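All remarks here apply to the structure that follows.
Every read-out reported here was derived from the displayed coordinates using simple, explicitly stated rules and does not represent laboratory data. Being a predicted model, the structure only gives us computed values, none of them experimental. Every residue, glycine among them, receives a Cβ derived from its backbone with ideal geometry; neighbour counts consider all protein chains shown.
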Amino acid sequence: MDTLISEAYRKQQSFLHEQHTNYGVASCEFADTVSEIINNNGIVEVLDYGAGKGRLAKSLNINQPINLQCYDPAIPQYSQLPKPAELVACIDVLEHIEPDLIDSVLDHLQRLTTKLGFFTIHSKASSKQLPDGRNAHLIQESTEWWLPKIVARFDLHQLNRGKNGFLVLVLPKKPMT
């Protein structure tokens, strides 16, 4: 298994989560969209990848019982490596990944996504700073920078651009062996 986060950066993320009650809660904004994806596609396994405070699970409005996993290496109760799931929601996470580890994280997402992936990516600076002074969004790149990385691992089903970033709905490609 490739490295997904350095220990030093994990500690910085843990600190931000402890110090800011509104850090790691962006998934609530997309709960209706994720609920619709679950309801319309008969999804019963969901992984909230980079779950932050785990608020997506509490914000869903779904028609059937699901098995929901939360994964976030900076949150002790969510730090165990997840199992693959039909739907992987990765909301406001990828821009926070250490640039030298982004390919490992995208590979991990590919291995975990069995049916659909819903990813949102912020392309601008964050209003929050890491304890070491860096912007909390370590990767501030355009949609055009991100898309080749995504389509190398996933089939693009939907792309929606916004003022500060974009979202994609993807289907997994089988990893090359």
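For the reader, a short list of remarks on this structure follows.
- 5 angstrom amide H check on LYS128, placed H, neighbours 5+ away: ALA136
- Pair-distance profile P(r), taking every C-alpha pair of the chain, with 5 angstrom steps and integer %: 1, 8, 18, 23, 22, 17, 8, 2, 0
- Within the shell defined by Cβ-Cβ distances under 13 Å, the residues around LEU171 carry a net charge of +2, with Lys and Arg each +1 and Asp and Glu each -1.
- Cβ-defined net charge surrounding ARG10, 11 Å radius [Lys, Arg +1; Asp, Glu -1]: -2
- Among GLY165, GLY133, GLY52, the residue with the largest mean-square fluctuation in a Gaussian network model of the chain, with springs joining Cα atoms closer than 10 Å, is GLY133.
- Relative contact order of the chain, defined on C-alpha pairs under 8 angstrom at six or more residues apart (%): 20
- Among the listed pairs LYS58/LYS173; LYS83/LYS173; LYS58/LYS115; LYS83/LYS174; LYS11/LYS149; LYS53/LYS149, those beyond 25 Å (Cα-Cα): LYS58/LYS173; LYS11/LYS149; LYS53/LYS149
- Once backbone amide H atoms are built at 1.01 Å from N, PHE154 has LYS173 as its partners under 5 Å, excluding neighbours fewer than 5 places away on the same chain.
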